[in-house]
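The values are calculated or read from the model by the stated rules, or taken from the named source; none is laboratory data. Computed from a prediction, not measured in an experiment: that's the story for all the values here. With ideal geometry, Cβ positions are generated from the backbone for all residues, glycine too; neighbour counts draw on all protein chains shown. Calculation scope for accessible area: heavy atoms of the full protein, side chains included, ligands and nucleic acids excluded. Shrake-Rupley method; radii C 1.70, N 1.55, O 1.52, S 1.80 Å.
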Amino acid sequence: MRRLAALALIAACGASKQAPAPDAGNVSLVLDIPNGVLDPQGYTSVEIVLHEPTGDVTRTASIDMNGNFNLDRIDPSNSVSVEATLRNASGAAVGYGRTAVSSALAAGAQITVPVRRPIAYIAGTVSRAPNNDATKPLVWTEAPATVADLSAAGLIDGHNVLTGNAVMLIAAGPNLYMVTQAVNSMTGALTGTAQIAPVSTADHSVGAALPGTLTGAVVDAAGSDDGTTLVIGTTTELFAVDTASGTARVLADGSFARVAIVASDSELDAVVIKNRGTTIGACATTAEVWWAPLTGGAARTGHMVASGGFSDIAADRGHAYYVDACKAELGEVTAAATRMLRTIPITAAGQSAGKPTALAVSDGQAYIGVETPPVSSSAAATAALLVASIASSDAPRMLWTEGAQQVLDVMSHPDIQRDLSASSVVFEHLEIGAGGDYVALTTSAHFHGAEVPGIFFPDMTIDTEELRVFAAATGGVLQRYRSWCDGVLSGSSADISDWECSAATGQSAPATLSLEHHIGSMTFLFGRK
């Protein structure tokens with residue numbers, strides 16, 4: 001389905017009220033939407049942002065019943081990239097897209113912008129006791145990916161899933177790809193070769209697997225806006241995948257845990273973190289930032305730029321950025337060096353120092369995830385999300401902060417509860433969706449409660465995983481989905497044994513045990529890491 005509108009250049013006599021074919025006085029702007037069940041719905045207006053060398057131009061127009069709209073006159077430009085956001089009557093983004101490269105905004109031109117629903121996908125694995133028998137060892141398997149459609153009303157309950165199992169979903173502009181890999185049933189480790197298959201963004205049907213395969217357990221990935229390239233980090237190598245041919249080539253050897261793609265009009269590059277520290281609460285200074293050109297097709301073109309306490313990287317508008325957990329700083333990465341842009345204030349009176357461990361960047365704004373350990377044995381570890389300007393030194397804005405807690409209920413006695421405070425909370429994924437309207441993150445938290453013999457509470461160790469989606473402008477919570485909550489109880493035979501995880505206010509959980517899973521990846525269509 002193609003929605004056509006007219007952009008009138010200042011040299012034109014006037015803007016057309018209809019949607020004409022390109023002529024000497026008009027530029028046609030086509031919003032290209034899949035003709036399928038996943039087409040954006042309920043939109044009443046469109047917001048167009050033109051990114052020009054001299055600055056941004058924003059236009060908003062109502063959409064008529066035929067899907068047409070008309071914008072004010074725009075100055076001609078030799079180089080412009082376009083973002084389009086479809087909004088409903090309340091102003092929420094229900095469709096978003098952007099051009100992959102800049103084009104000339106000149107009379108007679110036609111610019112096509114692919115637009116898709118704002119959907120976030122989480123994928124991973126499952127560990128369960130056979131037949132829910134807690135006395136038996138856990139068995140690990142793959143699981144279907146969960147779909148979080150932000151244009152649809154209602155809370156996530158795990159029922160909206162893709163067909164087939166996946167350990168990772170990768171968005172590449174308007175396109176989506178599924179990664180499958182075997183799971184060691186005893187340990188949960190991904191094993192054997194990984195394969196990639198396209199997933200239709202019109203109806204979520206899964207296509208034939210690409211011929212290229214990957215070695216090592218897949219850890220993180222990113223896709224280019226033009227859909228031509230995927231970059232995937234595994235525990236043994238960094239791969240570039242050509243989506244047209246399906247071939248995969250090795251860019252570098254080693255374990256790569258964070259991946260982003262830097263795009264300019266002339267080339268694509270990957271910026272990645274190798275040897276990222278995984279010890280909770282520790283500050284690993286052995287992490288390395290690597291840079292790898294993606295154009296040209298050569299193998300093993302990656303090189304190390306710098307080493308330090310790098311915990312995450314992100315890319316936006318031709319630039320790459322990092323956060324360093326040890327130095328508590330935000331900086332920029334190039335192919336030759338790193339440079340510090342600003343320190344991140346992450347301490348307050350009476351609190352332990354937090355560490356910036358997650359990063360996403362969109363439209364000049366850096367979203368930084370900060371992990372703070374508990375200040376005492378009775379306090380909770382805290383997660384916070386800050387928003388900081390890339391260009392200025394203005395104080396960051398606190399978008400969200402919360403001490404991680406988990407309430408446990410006794411199934412046979414609903415009036416009995418136990419409230420546990422997390423000893424650690426970890427940012428796993430952070431990404432911006434719909435051009436900056438939404439920010440989504442996933443966290444994992446670890447809880448321990450010592451045995452309380454006097455009231456028959458057993459010693460318990462609980463782990464949880466959550467997806468949270470916020471309105472980026474306000475910090476309002478749009479989704480809070482706990483995909484996993486499970487643990488181990490140990491105590492005397494007289495202790496209470498029928499505990500279950502309770503849902504907090506505003507939190508949803510899988511409707512059945514079969515829909516639970518550990519989150520291995522999270523991505524938006526047109527997301528920015």
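Here are some notes:
- Region 483-529 and region 354-384 have their alpha-carbon centroids 21 Å apart.
- Probing with 1.4 Å while keeping every protein chain in the model, the per residue accessible area of the chain equals 40 Å².
- Integer Hz, Karplus 6.51/-1.76/1.60 couplings in order for region 192-205, x for Gly and Pro: x, 7, 9, 10, 10, 9, x, 10, 5, 8, 8, 8, 6, 6
- Under 5 Å, built H, 5+ apart or other chain: amide partners of His429: Thr442
- When you count the other C-beta atoms within 10 angstrom of each residue and take the mean per peptide, 519-528, 184-193, 481-490 line up highest first as 519-528, 481-490, 184-193.
- Kirkwood hydrodynamic radius (C-alpha pairs) into Stokes-Einstein, the chain, 20 °C and 1.002 mPa s, D in µm²/s: 88 µm²/s
- Rough spin-label spacing in nm, given labels placed 7 Å along Cα→Cβ, for Thr187 and Thr60: 5.4 nm
- Whether region 119-197 is rounded, prolate or oblate, judged on the alpha carbon gyration tensor where a/c under 1.5 counts as rounded: oblate
- Listed residue (Thr54, His413, Leu169) projecting farthest to the positive dipole end of the chain, Cβ model: Thr54
- Peptides 373-386, 399-412, ordered by how many other C-beta atoms sit within 10 Å of their residues on average, highest first, read 373-386, 399-412.
- Each of Met340 and Asp419 was given a label point 7 Å from its Cα along the Cα-to-Cβ line. The distance between the two points is 4.0 nm.
- Counted residue by residue at 0.36 nm each, then reduced by the alpha carbon distance between them, the extension gain from Ala107 to Arg317 reaches 73.0 nm.
- Net charge, Thr213 excluded, C-beta distance under 15 Å - Lys, Arg +1, Asp, Glu -1: -1
- What separates the Cα centres of region 266-305 and region 414-457 is a distance of 30 Å.
- For the set Ser28, Ser62, solvent exposure ranked by accessible area (probe 1.4 Å, protein chains only) runs largest to smallest as Ser62, Ser28.
- For the chain, carbon and sulfur atoms together expose 52% of the accessible surface, with a 1.4 angstrom probe and every protein chain in place.
- Computed accessible area, Val161, all protein chains, 1.4 angstrom probe, square angstrom: 60 Å²
- With a cut-off of 11 Å between beta carbons, the residues surrounding Val439 carry a summed charge of 0, where Lys and Arg count +1 and Asp and Glu -1.
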